1. Which helices (runs of 4 or more DSSP H) does the range 709-799 wholly contain that include 2 or more residues that are modelled with pLDDT under 90 and surrounded by 15 or more Cβ atoms within 10 Å (Cβ to Cβ)?
2. Somewhere in the range 321-342, is a residue over 27 Å from Q271 (Cβ atoms), open to solvent by less than 20 Å² (accessible area, probe 1.4 Å) and assigned to a helix (DSSP H, G or I)?
3. With the requirement that a residue be farther than 30 Å from G704 by Cα and in a loop (DSSP other than H, G, I, E, B), what does the range 859-877 give you?
4. Can G280 be described as farther than 18 Å from L397 by Cα, modelled with pLDDT of 75 or more and either open to solvent by less than 10 Å² (accessible area, probe 1.4 Å) or of a type in the set (G, A, S) (or both)?
5. For Y139, are the conditions met, namely being in contact (Cβ under 8 Å) with a residue 12 or more places away in the chain and open to solvent by 80 Å² or more (accessible area, probe 1.4 Å)?
6. For the range 283-305, what are the residues that are outside any helix (DSSP H, G or I) and surrounded by 15 or more Cβ atoms within 10 Å (Cβ to Cβ)?
7. For I693, which of the numbered conditions (1) touching a residue at least 60 places away in the same chain (Cβ under 8 Å); (2) open to solvent by less than 50 Å² (accessible area, probe 1.4 Å); (3) part of a helix (DSSP H, G or I) fails to hold?
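The values are calculated or read from the model by the stated rules, or taken from the named source; none is laboratory data. Since this is a predicted model, take the numbers as computed values, not measurements. Here the Cβ is made from the backbone with ideal geometry for all residues, glycine too, and neighbour counts use every protein chain on show. Areas reflect the complete protein model, heavy atoms only, side chains present, ligands, DNA and RNA absent. Shrake-Rupley method; radii C 1.70, N 1.55, O 1.52, S 1.80 Å.
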Amino acid sequence: MSKWDRLRNMMYNPMRDFQERVFLLQIIIAEVVVGLVLIGDILLKEDIIEVATLAVSLILSPVVAYLSLRYHKIQIGSIVIASSVVFGILPVVFIRGGGLYGGAVIWFSFAYLYIGLLLTGLARKIMLILLTLMAVAEYYVGYYHPGWIEPHDTKMFYLDSLVSVILVGLVIYIMVWFLSKIYNGESNRAKDEAEKVEALRLTQNRFFSNMSHEIRTPINTIIGLNEMILREDISDEVAEDAANVQSASKMLLHLINDILDMSKLDSGQMQLTPVNYHPGNMLSELVAMLWIRAKEKNLDFKVNVSPELPSELIGDEVRIKQILINVVNNAIKYTREGTVSLSIQCGERKGKEQSIIYTISDTGVGIKKENIPYLFTAFKRVDETNNRHIEGTGLGLSIVKQLVDLMGGNITVNSVYMRGSTFIIEIPQQVVGEKVIGNIDTLARHEHYKKSEYQRKFEAPDARILVVDDNASNLMVVSKLLRDTKVQIETASNGVEALKKTLANDYHVILMDHLMPEMDGIVCHRLIRSQVGGRCRESKVVVLTANADSESRALYENERFDGYLTKPISGAELENELCRLLPKDIVYMYGSDDEILEETISWMRSDQKKENIAITTESVADLPEDILSEYNIAMIPHNVRTDEGVFKDGIEIETDGLLNYMKDLSHQITSLAPDVKEHEKFFADCLQNANNIIHISISSKITGSGCMNATEAAAAFDNVTVIDTGHLSSGQGLMAIEASRLAAQGKSVSEICEELEKLKSKVCTSFVVDNLDFLARTNQVSKRIASLTKSFMARPVLVLKHGKMGVGDVYFGTRERAWKTYIDHTLMHVGNIDDEMLFVTYVGLTTHELEKIKKMTESRMKFKHIYFQKASPGIALNCGPGTFGLLYKKKS
């Protein structure tokens, strides 16, 4: 390999440090350029001192470069060379080469480029200052002491400057080209790596999903047939053994779900599914699973439930149960003797939202204080030495923490090493009705569950059911579980066979597996609905699948299946679903309708309670939580990108934290609107509970607006309308409130849109800001203008006109004086202002300052409702602390 090839490999080797590669290129270019300049100076018979200086630098620079690369001291080598240029070559070339009438002036640009690229930190700043001072000194000498400079004639000046322009231009061109090539190479490598990581993530998720699906199928057989055993007239011993099998199978299923959920949480794909549920029933099922584990270790298992606990709640029952199973199971694993207890009580209640507190205590080994920070880390088990014989995946508590956070809850740990631990989990949930649970004994319920005789809920001998599944065991399990209901069951092993049967026979309900050979369940469902001559086009089709993740759930709902059941399936679940779907005139009930309805709570029931029109908006609309709740307005968060990552506005990052973060001027912060996919998912979720959506968007003319993305996403739906309000912050929020009022009055979509169009000109949106520094940081105004307004103690008023933000008035003087003038001017025409509602939306103000603003406002005009609303992070990063605005509606 030639020397040139070695140098080329060194410069383009991505494993080498970037500074080393740039340093090497600079040295090569400098050597070539200095060599050419030296030859030119000799031919042009330049001053001997200038020639000698260039010759010395030509010899010494490679030596410095070699030593710097050999001993990995690039920064020191760069400083040495920069110092020689600033204090040696440039002064000599300037004084001995004609001063301003030579080429030295042009070489100053090369020196600035060299220092900017190769030096870092304090050294760069110091050398930049020294170079600037040297340039000033040389110009000073040229002006006040021209006699010190060796003069050039006109011909020499033109030749010298021409050569310098060409060489410096070539140097800059080569450097920019080289840096661009490196950047593109690194960018492509980063893109390739990102694609590999994404492909690996998708492969991992697919593996976990497939694994969950495959394992659920045999578990379905085990649990289903075991339930048939429990229905028989068997001894207590056999009944207890069967109950243990049932519990162990469900625990195995729980562990599988943990692995799948960890994958989802890591990729940010976990979604909550709130439903109406009865905590008493959930606790009984949980106790049935965990009581056996405690009994195996001779532990006392105590469950205490507050009688004031609501009997019905809205929450993600599956995830809450998963949280409790993980924590209680952990307590049982790490307790050798003594007691494990679970208590549930009510915490603070705000309106319909009730905080439920779950406390899990044990008398186990406890946790060392230094290990508590690592307690919720995935795959890490604390105190390995003492706990090495205890089984577990190391995933449980990590999943618990992430699920609790996802639900807006909190988890705390109290522990004394070798004496036990207490986990306190607080999860807010919605209360349904005012009925409380009263006194229950979950352990007694469990004992009753083990010994109770099976009671079918209905009989329907005239009902015809088709079960479609490629697994013979699954067909057998469903057939046996429904045997006592006397329904007529036929089976098909794939979609093709099912279509033949639906062409020839009538079925009231079809239970359809998803993944099958030849034709899957989704395709089969579509073909059944459109089958020419088919006799089941109006039949109810329920997907019965081992795909239990939220993405699959959403898929089946979008495909308009009439129900969704997951494997492993129980007889009670099958009977409840058939009760719901079979014609009432062929079903003979053995329980009351109320009991059946209470037990039949599924995602399909939400269709019956859909609103006609749902109003949605963005987090930058700056509406208080109680207003969002009162007017039933759904909100999609904007994103805030920082050096630490991307965070959801108002959810993962708060305004005060953002302002503290922005105090460091080196931090880069950007407000990002939700992208098209995020909007599509948001609209799809909202449409589960509404027939139409009117989305109230921030002005499309504002930097970082999400209006265009929302409009593009709405194009994928027939019933989503996006309104460009022409406003932002609480001005946008006022329009969302008005839209909600109109929807509650029963107005149509077109009527609401028409009213909102009229309202745009009546909403007033303005802010008085301390300065323009934050707008300058986000490049919305120039730093020069920001600095100028600050130096004059000017406090601009930002006003939204025709959808664009601009400077209205400018007030001078102290904060309070500017605030008073702003309030008086904004509320000048009292008679034309709607006094129903005023928003004072602010950033970084104290309670004392807000009280002053309130007094100033009320002295000018009385409003029925004044809301002091802290601006969202997305708004705050553009305005900065010391900002507030008066946002209201005009009468005309």
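1. Values: elements: 729-744, 749-759, 773-777, 783-791.
Filter on the range 709-799 gives 729-744, 773-777, 783-791.
2. Within the range 321-342, one or more residues are over 27 Å from Q271 (Cβ atoms), open to solvent by less than 20 Å² (accessible area, probe 1.4 Å) and assigned to a helix (DSSP H, G or I).
3. Selection gives M861, K862, F863, K864.
4. Considered against the rule, which asks whether it is farther than 18 Å from L397 by Cα, modelled with pLDDT of 75 or more and either open to solvent by less than 10 Å² (accessible area, probe 1.4 Å) or of a type in the set (G, A, S) (or both), G280 comes out as yes.
5. yes
6. Selection gives L299, F301, V303, V305.
7. (3)
Let's see how each residue does on (1) more than 24 Å from the chain's Cα centre (by Cα); (2) among the β-branched types (V, I, T):
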site: D685; (1), (2): no, no
site: N691; (1), (2): yes, no
site: I702; (1), (2): no, yes
site: G706; (1), (2): no, no
site: E712; (1), (2): no, no
site: N719; (1), (2): yes, no
site: I737; (1), (2): yes, yes
site: G746; (1), (2): yes, no
